[in-house]
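Quick notes on the structure that follows.
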Amino acid sequence: MTKIIVRTRREHATCIHVCGATLEADLVIPLGARGLVILSQYIDGGAFSHPCRVVAGWLQKAGWGTLLLGMLTPRESEMESYAGRSRPDVHLLADRLSATSDWCRRNYGETGRHLGYFGFAATAAAALVAAGSQPDAVKAVVAWNGPLSTNMREIFQIKAPTRLIVSEYDPGLLASNCQALRRLTSVKDLAVISRSPVMPDEPGAIQKVALSSIDWFQRHLNRPPQEGYG
């Protein structure tokens, strides 16, 4: 069983069990949230990356709840760094993401049932696989700077509107995302971030990614305003 430790800004800690590890997460649900976006990523030593934290902050200001989810345990992250691996087990990550989605729906009412994914880099493909494996549960997907494979059979099962975001300065990523876009049969879009350096943590580039994500979720993950956290 995976154990996910969640902290909220209301200083409420929760643990859930899903499939064989302990995953770290930060949960923020504003009053009257328009839905919940799970931002998945690899983590190093329990720290969430600056780009994902910035995007999460923008989403919160725009009215969405966010769950920053580290897809590896600290031990797994340490082993990955030691081994120097560059190809994650996409289906393992997707299974963990799907299990986390189930937990959100069980525990956060209507907010948890208006669910979106934001996959970053190594977890972008996992977000697409997870969305394809539960096509009626995920309402919208954004995948940023992810190396995507057209061999993923789940890509044909995705029903959720999907936006792929990539830097124009990475021809390899741009090509793989263009190929994946052609395979998608749902509502889809490719956003190319201009004037972005190879390193994705430049402030201007992150802001463009955040605004592009907000635009997509406003179109496709936007329940009527509610009172409270449910």
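Each value in this text was obtained by applying a stated rule to the coordinates, not by laboratory testing. What you see is a predicted model, and the numbers here were worked out from it, not measured in a lab.
What number of lysine-lysine pairs in the range 26-220 show an alpha-carbon separation below 19 angstrom, given a sequence spacing of 8 or more or placement on distinct chains?
The result is 5.
Go through the range 158-164 residue by residue and turn each phi into a ³J(HN,Hα) via Karplus (6.51, -1.76, 1.60, θ = phi - 60°); whole Hz please, and just put x for glycine and proline.
5, 9, 5, x, 10, 10, 9
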